């Protein structure tokens, strides 16, 4: 047991490390957890394959040239498992859902805005969660207090948000913790309020779906007008405050062709810290609104252009599924011990509405906070969620399992989800391969790949990336 | 003229504020002075200038500081008195 009385021990399960992917007329061989990747031609791969055999574990490969021998040794490394999947509770952050209510009506919202859970959290409940969290962090010896606000729109419930902000600051000071407050917002509030947001939050994730016409189609306000003007104004105001501004752009068929232009505009007008492009998740509301997710190949190509443009301006581009270092958990909070408190006192690791994950046969609750302020964490649930990425049949042969780990457990790889790659997988596989190529200084190879639909399909649709599944002779020796 | 928190007071026009990690710093460049507000006083100041109604402010402050509402009332009164005396707040029209 740790100081806070929460101990979660999970066993570790081995995952494959060695993969090979076709890239144009060559092959990308990689061992993601060991941080090794190389682009080789067909004959070199053939020789590697013959020397290394089914299980690449030999300490030396006398039949190989020096370069290939060095590569084979590097590829055959058995890296240490990335940390954080076992051990005591270590919350990624404490999340607060002040309300599910929202002041606009996004066509693609799947956060339950204005649903039955639209009641606001009581400030006392928020305070109880924060008090527990600060005490836990101090007792566990963690120095950083990270609190995220989600919605609905958090600033619809200002009394609880402002109470929680000041309570967090008081507690961080009292317990000697470095505080990081982050909020996801639509930016639709009066200009004067932006100063409060920019002064008190270390990071603001603001949704802005590009230019006015598409933003207003995606994110209409309640009176039938768009929300673009206010969101843009808020972004501009926040850009002048100390906060780190991250602009989040939802991508549909309507704006996928303009990602590079959007990235350039964002960089010039708002100088954000990061720009996050995420493809639309289709649901019945998006269909009714005539919005469709982008073609994944087109998204990958357009995102890559926006990515390059963004980097040129010193801004961090983000497509969540390809970010981060190799790990055993997905990019989402689930499995990382995140504790997200709802207005009714439930504590979950997912910020989606409960009914969304119940429909998928998932239980993502990890505890409860009662009206008296007593907080209970279900350690069995924490362990179960840490193991969730281990049970992803679709991902078993995919090289992206070390970073995306199946993506959203609710939307992408829920229990019983189809084994075939879905659009999320296709764009993630392409962009992950491009990331590896760029890290090797082979950006031009990535560009060639993304300009060739056939080459993209060959990579993205490949049913197994496992080195051990390579055919005996993947390419003729004389090729 | 904007008043704060239903208390008939407003932030003196010449005052600037900086939100810092451990509180709020009030700057009065005309008089070349500053005042560091730690918590919970920083919360009192922020709720005041954000013009929360007095009753809401009292309940919010009670939660923020982990004190009862009567004690929150006393804290607000002490802060207002001090800041008015020192010239950080000045009389304004009632809301």
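Listing for the model above:
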| item | result |
| --- | --- |
| Single residue of region B:39-59 satisfying the filter (free of Cβ contacts under 8 Å to residues at least 24 places away in the same chain and closer than 13 Å to residue B:72 by Cβ) that is surrounded by the most Cβ atoms within 10 Å (Cβ to Cβ) | B:43 |
| Where residue A:214 falls short, out of the listed (1) more than 12 Å from chain B (Cβ to nearest Cβ); (2) outside any helix (DSSP H, G or I); (3) at pLDDT 95 or above | (2) |
| Condition broken by residue A:458, with the remaining ones in (1) touching a residue at least 24 places away in the same chain (Cβ under 8 Å); (2) part of a helix (DSSP H, G or I); (3) in contact with a helix residue (DSSP H, G or I) (Cβ under 9 Å, 6 or more places away or on another chain) satisfied | (3) |
| Checking residue A:231 against (1) in contact (Cβ under 8 Å) with a residue 60 or more places away in the chain; (2) away from every other protein chain (no Cβ under 14 Å), the condition it does not meet | (1) |
| Number of positions in region A:219-232 that are touching a helix residue (DSSP H, G or I) at 6+ places or on another chain (Cβ under 9 Å) and either over 16 Å from residue A:272 (Cα atoms) or surrounded by fewer than 24 Cβ atoms within 10 Å (Cβ to Cβ) (or both) | 9 |
| Check on residue B:14, loosely packed, with under 15 Cβ neighbours inside 10 Å, touching a residue at least 40 places away in the same chain (Cβ under 8 Å), more than 14 Å from chain A (Cβ to nearest Cβ) and assigned to a loop (DSSP other than H, G, I, E, B) | no |
| Matching residues in region B:28-50 - criterion: being in a strand (DSSP E or B) and more than 14 Å from chain A (Cβ to nearest Cβ) | B:28, B:33, B:34, B:35 |
| Test: residue A:91 is at pLDDT 90 or above and either closer than 23 Å to residue A:344 by Cβ or surrounded by fewer than 16 Cβ atoms within 10 Å (Cβ to Cβ) (or both) | yes |
| Residue within region A:75-85 that is in a loop (DSSP other than H, G, I, E, B), buried (at least 19 other Cβ atoms within 10 Å of the Cβ), at pLDDT 65 or above and over 23 Å from the mean Cα position of the chain (by Cα) present | yes |
| Residue in region A:294-302 that is closer than 18 Å to residue A:254 by Cα, modelled with pLDDT of 95 or more and part of a loop (DSSP other than H, G, I, E, B) present | yes |
| Residue within region B:63-84 that is surrounded by 14 or more Cβ atoms within 10 Å (Cβ to Cβ), touching a strand residue (DSSP E or B) at 6+ places or on another chain (Cβ under 7 Å), away from chain A (no Cβ under 14 Å) and part of a loop (DSSP other than H, G, I, E, B) present | no |
| Selection within region A:182-211 - part of a helix (DSSP H, G or I), free of Cβ contacts under 8 Å to residues at least 40 places away in the same chain and surrounded by 18 or more Cβ atoms within 10 Å (Cβ to Cβ) | A:196, A:200 |
| Residue within region A:292-300 that is touching a residue at least 60 places away in the same chain (Cβ under 8 Å) and within 30 Å of residue A:137 (Cα to Cα) present | no |
| Search result, residues across region A:439-452 that are exposed (fewer than 13 other Cβ atoms within 10 Å of the Cβ) and assigned to a helix (DSSP H, G or I) | A:439, A:444 |
| Residues located in region A:344-398, provided they are at positive phi and surrounded by fewer than 18 Cβ atoms within 10 Å (Cβ to Cβ) | A:361, A:373 |
| Filtered residue count, region A:274-290, keeping only those that are outside any strand (DSSP E or B) and either closer than 30 Å to residue A:448 by Cα or under 14 Å from the mean Cα position of the chain (by Cα) (or both) | 3 |
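Yes/no matrix, rows are residues, columns are (1) surrounded by fewer than 23 Cβ atoms within 10 Å (Cβ to Cβ); (2) within 13 Å of chain B (Cβ to nearest Cβ); (3) assigned to a loop (DSSP other than H, G, I, E, B):
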residue: A:87; (1), (2), (3): yes, no, yes
residue: A:101; (1), (2), (3): yes, no, yes
residue: A:121; (1), (2), (3): no, yes, yes
residue: A:127; (1), (2), (3): no, yes, no
residue: A:147; (1), (2), (3): no, no, no
residue: A:169; (1), (2), (3): no, yes, no
residue: A:173; (1), (2), (3): yes, yes, no
residue: A:180; (1), (2), (3): yes, yes, no
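Yes/no per residue for (1) modelled with pLDDT of 90 or more; (2) more than 25 Å from residue A:28 (Cα to Cα); (3) within 20 Å of the chain's Cα centre (by Cα):
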site: A:315; (1), (2), (3): yes, yes, yes
site: A:327; (1), (2), (3): no, no, yes
site: A:348; (1), (2), (3): yes, yes, yes
site: A:361; (1), (2), (3): yes, yes, no
site: A:375; (1), (2), (3): yes, yes, no
site: A:397; (1), (2), (3): yes, no, no
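The values are calculated or read from the model by the stated rules, or taken from the named source; none is laboratory data. Everything quoted here is computed from the prediction, not taken from an experiment. All Cβ positions, even for glycine, are placed from backbone atoms using ideal geometry, and neighbour counts span all protein chains on display.
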